[in-house]
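The values are calculated or read from the model by the stated rules, or taken from the named source; none is laboratory data. Note that this is a predicted model, so its numbers are computed, not measured. Note that we place each Cβ from the backbone using ideal geometry, even for glycine, and neighbour counts take in every protein chain shown.
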Amino acid sequence: MKNTALLLSFLFIFSNCKQEIKESEKGNAVSVDVIEQHSKNLNDWFEAQFQENVTKSPMTQTYLGIKTDDYGKWDDVSSKKIAEDHERAKERLAYLKDSVDVSKLNEATALSFKLMKQDLENTIEDYQYRFYDYPINQMHGMQAEIPAFLINMHRIKDKNDALAYISRLNGMNTLFGQVVENLKIREKNGVLPPKFVFAKVLDDSRNIIIGKPFDKSNEESTLLADFKRKVEPLELSAEEKNELYAKAEKALLEGVKPAFENLIVLLEGQQQRATTEDGCWKFPKGDAFYNNALKRTTTTDMTADQIHDLGLKEVERIHNEMRDIMKQVKYEGTLQDFFKYMKEDKKFYFPDTDEGRKAYMEQAVGLIDTMKSRLDELFVTKPKADIVVKAVEAFREKSAGKAFYQMGTPDGTRPGTYYANLYDMEAMPIYQMEALAYHEGIPGHHMQISISQELQDIPKFRKYGRYTAYVEGWGLYNEYLPKEIGMYGDPYSDFGRLAMELWRACRLVVDTGIHVKKWSREEGIKYYTDNTPNAESDAIKMVERHIVMPSQATAYKIGMNKILELREDARKKLGDRFDIREFHDVVLTNGAVPLNILKELVEDWIASKSVSNSQEENS
């Protein structure tokens, strides 16, 4: 104990000496008043930049629950706007470099400075790849997201809101005109989705313009039905409502129909020119683009080969843990036999009926409610925002992922939403329900995103920041965390947890396989079906996601591993003073950060605990 106390005392003295050296190098210590004033000035600047961004994005305003005169407008997604944003980023970076003295900032503001500067530098460097994505794809394509935005984001509380909805319907033709132009630029530059994408996005697009008023069907189209559902409860006369309905139908015919028809014509033409080459190695400078994408996604310097090898090792480890569960449930046979059993035995699935879907939803809600009651064991800070569970809407369920989270509004008027895709019930096994609910809901994305939005002492650009390795790493970490407090009592559910982690480990292998090693779509699908218990439909969707979102799926496992690594390091260094609730507070109460910054935050916390311990022992 004496040796430990002496060591910690030395660390404390050394830390103070380091600070004194820093101050002496500056000539003299900066006063508290100067630090606070400079920090306030920079935070005011951060706020001004954030508000400028929000002002230029009517859709962001709606996501944030803000209603202005822009409530009936869409974002400008033209190539001209992208160029303007690039110039604005350069101006902002110049301001940070030329006008801010970091030595005169408090610790929190210095971190904000570092994050903003890094984000701007990355944005400027990435401008060369601005046309390397697929704005129309089966995962997040605008053909599905724009209707989903109207349905889920555009709230109608009065007549003006209804008129704003109609305005957005009318404006869709202009918005999609910009999308079409951007697609043409991409094709000219050699960036064209592979052939399989087109059937899916064309199907989504055609689904929006069927039903009344687009044809003589008695069934109303998706958007008309949504509009009427939202207007019906308003305290308006029947005449006023009918007038609104008529305006909406006119806007659907004059704004929405030509928007989708023009998009469909372009997509049908591109479909004929598309190839079956899947990896982004096919792009001009494709290798450089992918390496850059990995760097941005993981916020590490890991190479594609390192990520691929890590995936192979993790797959082997998880397979061995699954074999332990096979012994626990007394299953005789190989791991592949066990996978087949878990895929095919009907007891692991809800029926593919309305009743089965209802049962799934009720059980998912129950899992989240149970986890809510255990949060005090793991967390100091908890979100004020509520969470709801919904099934993915019919118009997009065929192409959407199996589960995802949609953030609520900062003021709590719209709760966070955990979406479960019940289109294919065989892709939603009961034994994976727990892991999915914990990842997308509580304590996963809902907690992290809601807490970030509710933070009071950081700039808004950090509240709403998104670093995929951090966000998805946290989600995957929280599939595992409940096991430590006794959840996953059923060994099959624990197998489901491992199956979900295995799925993410396979992603490291397949993403790099497709985009570096030139694997085909079919090779990627086979790797999943050979190494996981998931349905083939899962494997197909996942591989197609890798193809249209290069690098994105590598974030989960790399982020989870880093959080576990930092936690273990803290546990070893702090011993009995380690408190998992405090550790989670460090991870959650700074907003989303790159993994290298998260490492610094945890190390600072460890050092502060060590200094505190030293002071207690010497008092």
Legend entry - Matching option when the condition is surrounded by fewer than 19 Cβ atoms within 10 Å (Cβ to Cβ), over 16 Å from Arg504 (Cα atoms) and of a type in the set (Gly, Ala, Ser), among Ala592, Ala570, Ala607: Ala607
Inset, instruction - Out of Leu169, Leu163, Leu183, report the one residue that is hydrophobic (A, V, I, L, M, F, W, C), in the same structural domain as Ile208 (by TED's automatic domain parsing) and surrounded by fewer than 18 Cβ atoms within 10 Å (Cβ to Cβ). - result: Leu163
Inset, instruction - Filter region 214-255 down to residues that are in contact (Cβ under 8 Å) with a residue 40 or more places away in the chain and farther than 16 Å from Ala162 by Cβ and give me whichever is surrounded by the most Cβ atoms within 10 Å (Cβ to Cβ). - result: Thr222
Inset, instruction - May I ask you to verify whether Asp98 is acidic (Asp, Glu), surrounded by 18 or more Cβ atoms within 10 Å (Cβ to Cβ), more than 23 Å from Arg396 (Cβ to Cβ) and out of contact with any strand residue (DSSP E or B) (no Cβ under 7 Å at 6 or more places or on another chain)? - result: no
Legend entry - Any chance Arg317 is among the basic types (Lys, Arg) and within 26 Å of Gly141 (Cβ to Cβ): no
Inset, instruction - Could you run through region 269-292 and say how many residues are of a type outside the set (Gly, Ala, Ser) and surrounded by 18 or more Cβ atoms within 10 Å (Cβ to Cβ)? - result: 7
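Residue-by-condition table, conditions (1) buried (at least 21 other Cβ atoms within 10 Å of the Cβ); (2) within 23 Å of Ala427 (Cα to Cα); (3) not hydroxyl-bearing (Ser, Thr, Tyr):
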{"position": "Lys517", "(1), (2), (3)": "no, no, yes"}
{"position": "Ser537", "(1), (2), (3)": "no, yes, no"}
{"position": "Ile563", "(1), (2), (3)": "yes, no, yes"}
{"position": "Leu566", "(1), (2), (3)": "yes, no, yes"}
{"position": "Phe578", "(1), (2), (3)": "no, no, yes"}
Inset, instruction - For Arg155, indicate whether it is over 30 Å from Pro194 (Cα atoms), part of a loop (DSSP other than H, G, I, E, B) and either of a type outside the set (S, T, N, Q) or touching a Ser or Thr at 6+ places or on another chain (Cβ under 6 Å) (or both). - result: yes
Legend entry - Which listed residue, of Ala359, Ala403, Ala391, is assigned by TED's automatic domain parsing to the domain that holds Tyr488 and modelled with pLDDT of 95 or more: Ala359
Inset, instruction - Taking the options Phe338, Phe395, Phe379, Phe350, name whichever one is buried (at least 16 other Cβ atoms within 10 Å of the Cβ), in a helix (DSSP H, G or I), out of contact with any strand residue (DSSP E or B) (no Cβ under 7 Å at 6 or more places or on another chain) and not β-branched (Val, Ile, Thr). - result: Phe338
Legend entry - Scan of region 58-74 for residues that are in contact with a helix residue (DSSP H, G or I) (Cβ under 9 Å, 6 or more places away or on another chain) and in contact (Cβ under 8 Å) with a residue 60 or more places away in the chain, ordered by number: Met59, Thr62, Tyr63, Leu64, Lys67, Tyr71, Gly72, Lys73, Trp74
Legend entry - Verdict on Leu202 being over 27 Å from Trp281 (Cβ atoms) and either of a type outside the set (Lys, Arg) or over 26 Å from the mean Cα position of the chain (by Cα) (or both): no
Inset, instruction - For residues that are among the aliphatic types (A, V, I, L, M), closer than 27 Å to Leu508 by Cβ and touching a residue at least 40 places away in the same chain (Cβ under 8 Å), tally how many sit in region 318-377. - result: 4
Legend entry - Residue among Met142, Met172 that is at negative phi, within 24 Å of the chain's Cα centre (by Cα) and not hydroxyl-bearing (Ser, Thr, Tyr): Met142
Inset, instruction - Within region 466-489, identify whether any single residue is of a type outside the set (Gly, Ala, Ser), surrounded by fewer than 20 Cβ atoms within 10 Å (Cβ to Cβ) and within 30 Å of Thr60 (Cβ to Cβ), and answer yes or no. - result: yes
Inset, instruction - Among residues belonging to region 256-268 that are of a type in the set (Val, Ile, Thr) and either modelled with pLDDT under 95 or more than 16 Å from Leu150 (Cβ to Cβ) (or both), point out the one that is surrounded by the fewest Cβ atoms within 10 Å (Cβ to Cβ). - result: Val265
Inset, instruction - Consider only pairs whose beta carbons are under 7 Å apart and that are at least six residues apart or on different chains; among these, list those whose first residue lies in region 97-109 and is assigned to a helix (DSSP H, G or I) and whose second residue is surrounded by fewer than 11 Cβ atoms within 10 Å (Cβ to Cβ). - result: Ala108/Asp457
Inset, instruction - Look through Thr512, Thr554 and report the one residue that is in the same structural domain as Tyr470 (by TED's automatic domain parsing), part of a helix (DSSP H, G or I), surrounded by 21 or more Cβ atoms within 10 Å (Cβ to Cβ) and of a type in the set (Val, Ile, Thr). - result: Thr554
Inset, instruction - Filter region 407-421 down to residues that are assigned to a strand (DSSP E or B) and closer than 17 Å to Gln61 by Cα, then give me how many there are. - result: 1
Inset, instruction - Please work out if Leu234 is of a type in the set (A, V, I, L, M), outside any helix (DSSP H, G or I), more than 30 Å from Thr554 (Cβ to Cβ) and in contact with an Asp or Glu (Cβ under 9 Å, 6 or more places away or on another chain). - result: yes
Inset, instruction - For region 407-426, name all the residues that are modelled with pLDDT of 90 or more and under 18 Å from the mean Cα position of the chain (by Cα). - result: Pro415, Gly416, Thr417, Tyr418, Tyr419, Ala420, Asn421
Inset, instruction - Quick one: which residue in Met371, Met361 is crowded, with 19+ Cβ neighbours inside 10 Å and part of a helix (DSSP H, G or I)? - result: Met371
Inset, instruction - Scan region 290-310 for residues that are among the polar types (S, T, N, Q) and assigned to a helix (DSSP H, G or I) and jot them down. - result: Asn291, Asn292, Thr297, Thr298, Gln306
Inset, instruction - Scan region 185-208 residue by residue and report those that are under 17 Å from Val256 (Cβ atoms), out of contact with any Asp or Glu (no Cβ under 8 Å at 6 or more places or on another chain) and of a type in the set (A, V, I, L, M, F, W, C). - result: Val201, Ile208
Legend entry - Among the candidates Asp126, Asp158, residue that is touching a helix residue (DSSP H, G or I) at 6+ places or on another chain (Cβ under 8 Å), in contact (Cβ under 8 Å) with a residue 12 or more places away in the chain and of a type in the set (Asp, Glu): Asp126
Inset, instruction - Would you mind telling me which numbered condition in (1) over 18 Å from the mean Cα position of the chain (by Cα); (2) touching a residue at least 24 places away in the same chain (Cβ under 8 Å) Gly441 fails? - result: (1)
Inset, instruction - Run Ile525 past the list (1) closer than 15 Å to Gly279 by Cβ; (2) touching a Leu at 6+ places or on another chain (Cβ under 9 Å) and report the number of the one that doesn't hold. - result: (2)
